[in-house]
Amino acid sequence: METNGNDSTFPSYGDLDKFLVKHDSNFVWLLMATILSCGWIIYLTYYNSRNIGLILTLIINRLYKNVYIHIGSFSFSVLSGKVMFRDVYYINEDMSIRIQDGFLIFRWWKMYNPKQKQHDPKAETRLYVTVNGFEFHVYNRTDLYAHLQETFGLEPTLTPSKKEEDKGRDDQEMTLDSVNIKTESQDPSSSWRSLIPVIKVNISTGRLAFGNHHLPQTLCVNFDDAFLTYTTKPPSSHLDQFMHIVKGTLENVRVMLVPSPRYLGMQNDEPPRLMGEGFVVMQSNDVDIYYYMDEPGLVTEELENGEMEACGEGTKLQDLPPCWGLDIVCGKGTDFNYGPWADRQRDCLWKFFLPADFQPMKVTELAQPGKPRQILAFELRMNIIADATIDLLFTKNRETNAVHVNVGAGSYLEVNIPMTVGENGYAHTIKGQLLHVDTTSSMQYRTLLEAEMLAFQVNASYPRVWNMPQSWQCEIEVYKATYHFIYAQKNFFTDLIQDWASDSAPDIYSFVPYSWKFKILFHQFEMIWAANQHNWIDCSTKQQENGTLSSPCPK
């Protein structure tokens, strides 16, 4: 195709038409092809993923009637192994999961070695998941309230024929569990964990919420970023299959009690302190978590006497029950806030999500040979590796008072929650220690207590019958403590106890008697008394001029 020297390098309309006619072509067809190509590119770029999401939403909701699943957009790339999604909702009668957007990458090009070491936490990662704007909200317990309706003989209004559905579901789950256990034990390479031994999940801006419009406050756990890794490793006992592990780091974590939107009642009980959206129970700049749970194996037949004697001590030590627990490590900027108001909100949440059925608890039966082994307890451990603060807040005549505690690195808390019920019920255990304790109050004379270490342990025994007396035992040991006493502290702690105690008369239909036993042991204890003339006390922050009396006690 030739062009004039005076013209531009771009062909004119006539030249283009002559060229197309000469080669048995047509400009109209070229124009239509160009328009259709542009339209197809625009459709693939802006509308194809949304239409696929709409089609998937219709198909999934037609298959699953009891839930609502919404997918705003969905796209995938086979070459890069990438799946992208946006505006994903999963909503049922008890909870909802919402994801703003995210993607996952499956590295299918990585070489698969079926002979690699089984349950290796250091194996290569093939699956990456990234999520933005994650929200998990629990607002109901339908199954539990349906069971209460059946227990109290009420007309079932939540889920009809619940007993038959649960029975069929339990039978199916037992069958599936036995099948899964046998299948994995026969051929470990057939499990999907051999293909994807490690899964990495990154979450940007997440929230966990527990509450609804029937509760005055909603418990929220907010975090900015979470970097999690799921893998498996060999179990703690040779009788189990493997151990699930989820470990990672959460940044800027805040546990809050926020007012529930559209609350049906009256907000008469005001929090002692508002920090942002609500009352902050706990906050930390960075939190490391380590969640572990053994996949129970089958209970084996009892060995003969000769075989038991032949077993070594190492084998006997490995015959431990399956482990289940969560380790939490709090870093810098860790603050805890609690008090009577927060405890009342905890009680409301507890009564709604874990309502009492007022029935005697059944003794947990021992697992028979051929059945999965039982997990006996859940272990929760919290370690503080940096300086932290603990505030105990309460109100008196709408005025906020506080007990402020500074603790040092190395403080920890351990909670043991039993999962089985014995002949005498079950017992919780809470223990921990606080290092380098420095306690002050909101009074004008702020100094209260200094101690090198404060160790505590609480044992709570719950009988099988719900209204039988409970026994609580508390042991406290204080090392190298100095307590500054003035008489005004008597009224201060009396106000704290009155705010914590309920003003209403106990309900006989829900009242549970309990008794506390305290054991307090001081090591190298010293009490300092203010002894100024005319009972005058200097409360200045610097260079206090107070006459004091010291009462040391070596033990």
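The values are calculated or read from the model by the stated rules, or taken from the named source; none is laboratory data. Since this is a predicted model, take the numbers as computed values, not measurements. Because the Cβ atoms are built from the backbone with ideal geometry, glycine has one as well, and the counts that use them run over all protein chains shown. For accessibility, only protein heavy atoms count, side chains too; no ligands or nucleic acids. Shrake-Rupley method; radii C 1.70, N 1.55, O 1.52, S 1.80 Å.
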Per 10 angstrom bin, beginning at 0 and ending with the bin that holds the maximum distance, the Cα pairs of the stretch 238-288 fall in percents of 18, 32, 21, 17, 9, 3
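For each pair in Lys247/Lys371; Lys431/Lys517; Lys233/Lys362; Lys247/Lys332; Lys82/Lys200, compute the distance between the two Cα atoms and list the pairs where it is over 23 Å. Mind dumping the intermediate values first?
Details: Lys247/Lys371 29 Å; Lys431/Lys517 15 Å; Lys233/Lys362 34 Å; Lys247/Lys332 19 Å; Lys82/Lys200 14 Å.
The answer is Lys247/Lys371; Lys233/Lys362.
Under the definition of Cα pairs under 8 Å and six or more residues apart, what whole-number percent is the relative contact order of the stretch 383-478?
Relative CO of the stretch 383-478 lands at 22 percent.
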Sorted on mean Cβ neighbours within 10 Å (highest first), peptides 231-237, 52-58, 503-509, 417-423 come out as 231-237, 52-58, 417-423, 503-509
With a ≥ b ≥ c from the Cα gyration tensor eigenvalues, square-rooted, and the rule rounded for a/c under 1.5, otherwise prolate when a/b > b/c and oblate otherwise, the stretch 32-132 is oblate
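Per residue, how many Å² of accessible area does the stretch 417-502 show with a 1.4 Å probe? Walk me through the numbers before you get to the answer.
On the way: 4580 Å² over 86 residues.
With all protein chains present, the stretch 417-502 gives 53 Å² per residue.
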Ranked output for segments 213-219, 510-516, 469-475 by mean other Cβ atoms within 10 Å, highest leading, reads 213-219, 469-475, 510-516
Taking R0 as 56 Å and r as the Cβ-Cβ distance between Thr420 and Gln489, the FRET efficiency 1/(1 + (r/R0)^6), rounded to the nearest 0.05, comes to 0.80
Debye calc, one equal point scatterer per Cα of the stretch 435-532, no solvent, log10 I(q)/I(0) at q = 0.12, 0.14, 0.19, 0.21 1/Å comes to -0.60, -0.77, -1.08, -1.16
Zone reached by a paramagnetic label modelled 7 Å from Arg446 Cα along Cα→Cβ, restricted to the stretch 369-411 with backbone N below 13 Å, covers 402-406
Once Asn48 and Ile289 are pulled to full extension, the length gained, defined as 0.36 nm per residue separation minus their Cα-Cα distance, is 82.8 nm
Net charge (Lys, Arg +1; Asp, Glu -1) of residues whose beta-carbon lies under 13 Å from that of Lys351, Lys351 excluded, is -1
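Counting only protein heavy atoms, what percent of the accessible surface of the stretch 187-236 is carbon or sulfur at a 1.4 Å probe? The partial results should precede the final answer.
Numbers: 1300 of 2070 Å².
Ligands and nucleic acids excluded, carbon and sulfur give 63 percent.
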Burial-style ranking of 124-133, 32-41, 267-276, average other-beta-carbon count within 10 Å with highest first, yields 124-133, 267-276, 32-41
Along the stretch 125-131, Karplus-curve 3J(HN,Hα) (6.51, -1.76, 1.60; θ = phi - 60°) to the nearest Hz, with x for Gly and Pro, reads 8, 10, 10, 10, 10, 10, 10
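Find the eigenvalues of the gyration tensor of the Cα atoms of the stretch 371-443, then list the square roots of 5 times those eigenvalues as equivalent ellipsoid semi-axes, largest first, in whole angstrom. Walk me through the numbers on the way to the answer.
Details: eigenvalues 246, 67, 16 Å².
Taking √(5λ) for each Cα gyration eigenvalue gives 35, 18, 9 Å.
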Once both label points are put 7 Å beyond Cα along the C-beta direction, the Met468-Ser510 separation in nm becomes 2.3 nm
Once Lys396 and Ile35 are pulled to full extension, the length gained, defined as 0.36 nm per residue separation minus their Cα-Cα distance, is 122.5 nm
